[in-house]
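Q: Just dropping this structure here.
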Amino acid sequence: MSDLPYRLNVGAALFNATGQVFVGRRADMPPGMDHVWQMPQGGIDEGENERDAVFRELAEEIGTANADIIGQHPDLLSYDLPPELVGKAFGGRYRGQRQRWFALKYKGTDADIKLDAHKPAEFIAWRWANLNELPNLAVDFKRPIYATLARDFARFAGPA
């Protein structure tokens, strides 16, 4: 596994006017399973910069990129896939992801969010969550990153 590279990726902590963040329930997880919520994230296309990638990912995954970047994490945050997913996830080419996380202020309305804007849909449901809930919503191997974001992005979680 250590021979495989990390996939470069961006993530979006999208804050609403009350300081909550967008989380989506992953479409590829079995019904009834807990800890399957995540924030929008995705790979960086060849020749694409991180800022363009985060807006593209928002548009693809939630149907709108009506947001402003209000901050970014100073470090690239990485996670390794669990052994049972190595060789399966990401076409078997990566050991995990190395992510640049952005904090964004959402400027749209709930009605603007369209999970089926891009096929296949990444999420089957969504909601606004308190930032400190993130680690308990995510799959085990993403929890350390979500704990870091809950701590380091806390300054963005207040009402606008």
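Q: Taking Ala111 and the conditions (1) without any contact (Cβ under 8 Å) to a residue 40 or more places away in the chain; (2) in a loop (DSSP other than H, G, I, E, B); (3) at negative phi, which numbered condition does it fall short on, given that it satisfies the others?
A: Ala111 satisfies every listed condition except (2).
Q: Scan region 118-133 residue by residue and report those that are of a type in the set (A, V, I, L, M, F, W, C) and surrounded by 15 or more Cβ atoms within 10 Å (Cβ to Cβ).
A: Within region 118-133, the subset of a type in the set (A, V, I, L, M, F, W, C) is 121, 123-126, 128-129, 131.
The answer is Ala121, Phe123, Ile124, Trp126, Trp128, Ala129, Leu131.
Q: Taking strands (runs of 3 or more DSSP E) that fall entirely within region 1-86, which contain at least 3 residues that are modelled with pLDDT of 95 or more, touching a strand residue (DSSP E or B) at 6+ places or on another chain (Cβ under 6 Å) and surrounded by 20 or more Cβ atoms within 10 Å (Cβ to Cβ)?
A: Once the strands (runs of 3 or more DSSP E) in region 1-86 are filtered for at least 3 residues that are modelled with pLDDT of 95 or more, touching a strand residue (DSSP E or B) at 6+ places or on another chain (Cβ under 6 Å) and surrounded by 20 or more Cβ atoms within 10 Å (Cβ to Cβ), what remains is 6-15, 21-26.
Q: Also: So for region 98-112 (the condition being of a type in the set (Val, Ile, Thr) and crowded, with 18+ Cβ neighbours inside 10 Å), does at least one residue qualify? First the steps, then the outcome.
A: In the first step, residues of region 98-112 are kept if they are of a type in the set (Val, Ile, Thr); the result is 109.
Then keep just the ones that are crowded, with 18+ Cβ neighbours inside 10 Å; that gives none.
No.
Q: Exactly one condition in (1) closer than 18 Å to Leu134 by Cα; (2) out of contact with any His (no Cβ under 8 Å at 6 or more places or on another chain) is false for Arg93; which is it?
A: (1) is the only condition that Arg93 fails.
Q: Kindly provide the set of residues from region 57-69 that are farther than 11 Å from Trp101 by Cα and touching a residue at least 12 places away in the same chain (Cβ under 8 Å), ordered by number.
A: Of the residues in region 57-69, the ones farther than 11 Å from Trp101 by Cα are 57-68.
Result: Glu57, Leu58, Ala59, Glu60, Glu61, Ile62, Gly63, Thr64, Asn66, Ala67, Asp68.
Q: For the structure I just gave you, tell me whether Ala138 is under 19 Å from Arg26 (Cα atoms), free of Cβ contacts under 8 Å to residues at least 40 places away in the same chain, out of contact with any Pro (no Cβ under 9 Å at 6 or more places or on another chain) and not aromatic (Phe, Trp, Tyr). I'd like the intermediate steps shown before the answer.
A: Details: under 19 Å from Arg26 (Cα atoms): yes; free of Cβ contacts under 8 Å to residues at least 40 places away in the same chain: no; out of contact with any Pro (no Cβ under 9 Å at 6 or more places or on another chain): yes; not aromatic (Phe, Trp, Tyr): yes.
The answer is no for Ala138.
Q: For region 114-131: of the residues being of a type in the set (D, E, K, R) and assigned to a loop (DSSP other than H, G, I, E, B), which is nearest to Asn16 (Cα to Cα)?
A: Taking the candidates together, the pick is Lys114.
Q: Another question about this same structure. State the number of residues belonging to region 70-108 that are without any contact (Cβ under 8 Å) to a residue 60 or more places away in the chain and either among the charged types (D, E, K, R) or more than 17 Å from Pro40 (Cβ to Cβ) (or both). Give the derivation first.
A: Initially, region 70-108 is screened for residues without any contact (Cβ under 8 Å) to a residue 60 or more places away in the chain, giving 72, 74-76, 82, 84-85, 87-89, 91-92, 107-108.
Those still in the list that are either among the charged types (D, E, K, R) or more than 17 Å from Pro40 (Cβ to Cβ) (or both) too: 74-76, 82, 84-85, 87-89, 91-92, 107.
Matching residues across region 70-108 total 12.
The values are calculated or read from the model by the stated rules, or taken from the named source; none is laboratory data. Predicted model, so just to flag it, every value in this text is computed and none were measured. Positions of Cβ are backbone-derived with ideal geometry, glycine not excepted, and every protein chain shown enters the neighbour counts.
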